[in-house]
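The values are calculated or read from the model by the stated rules, or taken from the named source; none is laboratory data. Worth saying up front: this structure is predicted, and the values here are computed from it rather than measured. So basically every Cβ, Gly included, is an ideal-geometry build from the backbone, and we count neighbours across all protein chains shown. All accessible areas refer to the heavy atoms of the entire protein, side chains included, with ligands and DNA or RNA removed. Shrake-Rupley method; radii C 1.70, N 1.55, O 1.52, S 1.80 Å.
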Amino acid sequence: MANNDIRPALSNYVGERAPQILKRITGESVENIEINKQGIEVIKRGLVSSVASLSLGYKSHQTGQSGEIKVLIKYFPASEGKSHYKDSAQSTENICLFLSGSDYFPEFYFADRTNSGTFLFLQHIGEKTLYDFLLDYKGDITDLLQAILPSISKFQIDATRRLWEKRESLTKEKYESIFKRRSSTRRIIDYIRAIKGKKRVEEVDKNLVNKVIKLTVPIQRIYIPRSDSFRVTHGDPITKNIICMEGGSYGFIDADPFLGLPVSDLSALLSTPGLKLNPKDWWFLTDVFLVNDKKKLDDILEEMPKSLNSMRPEIFQRLSKLGIKFDTEEMPGNEKYCTFMGIFFRSARVLAKISDLRNNHKEMYEKMEAEDKTLKEAFGEMRKNMALSLDSVVNNPRAFEVSRSEYVDKLGEFQELLIEEEVIEPTNRYLKNNKKNGRGGEISSQNLEVSEKNPRFNFNYTPLQ
């Protein structure tokens, strides 16, 4: 499997092709280059691909001068390059070309396909991820996350502008290569399959599958792009995909973009293992994100030829001609509903990946657990996220402005089903623990305290009745 392949694969590749790499990036002639230093720092390992930082020191025979280049390399082993529904390496190359050089995303240099796999070369924007930074961080996590939220908004706005600029040249094949994902219905079923310890969906009881499909409609709908509010999202802004750059800013790697609601990226970030947040934090950070997002939209109007709202109809018209379906019905809930249900969905995704690793790739799981200090507790943390996010909406639907009573009923039944199937646990022990720690899990005007928590932001907040 790919998890531990990147260092030897990259070492062998660079040993054979270092001068050619330098030539393609610096323009130096191969004959005039002497490589005198090589460094590889693995940034992120994964089952399908991994990311590393490569530094090459060299001397030019022609000028006598020495230099060094640094690049980020994303590696897809040959045996893992293609998934069951799209070529991951080619799709990632297309994504990198689409986002290349935009704000907070590295410039794409070139791709090289070899017998050992595919290597994608990108601009070096740093090698310390937010995950690495958090390992030694002693402060308030919510304070740190607030600093990242404006960068997420700016990334989304700039990526949406790029889609607007490229809309007329976009084909359905190119769109699907960059944006296509399995339907949320299939993904939820697959998550339940993994959490239940089954290798194939066909092994899951059909009655359970049918119930899950029926009861998760309110969750599925938040992942269907809306004609009036879609944004090109990063898709996977977990802490290992956020690079701490010089000057205190943040960059992003490993984008998995799709057209969705802006808060979908927030949900992905808040569901990252190791953050150990609770509903009060999720509620507060959604408010912070929305305030920052509005400010970014206002600030960037001067730089853009059109507002984001005026770009959407043209993008919608083009994509509709390509057969892309948009949701035009009333939203199932407000922004906070979408954040909380996104946290549920994303936490289920992480839980499913961990379950498959533990059940089907024990040796690899043990190696990853030894490297990843958050993995050991991630299983319990994700179950907690799922339980508390779903419970928050079920028990206070008015706060989340759930648009239909049938949605409340479905989510309540879904909660009961997941507890019965032992996918999640009842929330009473989590809420007790939260109260004991002084971090109440129930959302109310008494424990939100938005203005006092961070006076830098002024919210127009109406306390819940």
Task: Of the DSSP H helices in the chain, those whose Cα atoms cover at least 24 Å axially and whose Kyte score averages -1.0 or more - done: 6-26, 141-166, 279-300, 335-360, 375-395
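Can you order the peptides 90-102, 205-217 by their average number of other Cβ atoms within 10 Å per residue, highest first?
Numbers: 90-102: 18.9, 205-217: 14.9.
The packing order, highest mean first, is 90-102, 205-217.
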Task: For q = 0.06, 0.09, 0.12 Å⁻¹, Debye-computed log10 I/I(0) when each Cα of the chain counts as one equal scatterer - done: -0.28, -0.63, -1.13
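Using the Cα gyration tensor of segment 287-434, with a ≥ b ≥ c the square roots of its eigenvalues, what is the shape: rounded (a/c below 1.5), prolate (a/b larger than b/c) or oblate (neither)? Mind dumping the intermediate values first?
Values: a/c = 1.96, a/b = 1.48, b/c = 1.32.
Cα axes put segment 287-434 in the prolate bin.
Quote the convex hull volume per residue of segment 161-319, based on C-alpha atoms, as a whole number of Å³. Spell out each step's value before the answer.
Numbers: hull volume 26.5 nm³, N = 159.
Measuring per residue, one finds 167 Å³ for the Cα hull of segment 161-319.
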TODO: Could you tally the net charge around S102, taking each other residue with its Cβ under 10 Å from the Cβ of S102, Lys/Arg +1 and Asp/Glu -1?
DONE: 0
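Mean shadow of segment 90-133, computed from the convex hull of its alpha carbons, in nm²? Before the final figure, lay out each step's value.
Details: hull surface 15.6 nm².
That works out to 3.9 nm².
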- [ ] At 7 Å along the Cα-to-beta-carbon direction for both E31 and R398, put a label point, then send me their distance in nm to one decimal.
- [x] 8.2
Task: Whole-number D in µm² s⁻¹ for segment 1-79, Kirkwood Cα-pair radius fed into Stokes-Einstein, 20 °C, 1.002 mPa s - done: 163
TODO: Report, largest value first, the span of the C-alpha coordinates of segment 364-436 along each principal axis, in whole Å.
DONE: 47, 29, 22
Open item on the list: Report the Rg/Rh value for segment 1-150, based on alpha-carbon coordinates and the Kirkwood definition of Rh.
Closed with: 1.01
TODO: On a C-alpha basis, how far is the centre of segment 199-232 from the centre of segment 320-389 in Å? Whole number, if you could?
DONE: 13
TODO: Report, to the nearest whole %, how much of the accessible area of the chain belongs to carbon and sulfur atoms, 1.4 Å probe, protein only.
DONE: 45
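From the C-alpha coordinates alone, can you work out the Kirkwood hydrodynamic radius of segment 254-356, in Å? Can you show the working numbers first?
Numbers: mean 1/r = 0.0628 Å⁻¹.
Taking the inverse mean of 1/r over all distinct Cα pairs, segment 254-356 comes out at 15.9 Å.
Assuming a ≥ b ≥ c are the square roots of the Cα gyration tensor eigenvalues, decide whether segment 38-117 counts as rounded (a/c under 1.5), prolate (otherwise, with a/b larger than b/c) or oblate. Before the final figure, lay out each step's value.
Numbers: a/c = 2.29, a/b = 1.75, b/c = 1.31.
Judged from the Cα gyration tensor, segment 38-117 comes out prolate (a/c at least 1.5, a/b above b/c).
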- [ ] Order the following by accessible area, largest value first: T63, T160, T171. Probe radius 1.4 Å; ligands, DNA and RNA are ignored.
- [x] T63, T171, T160
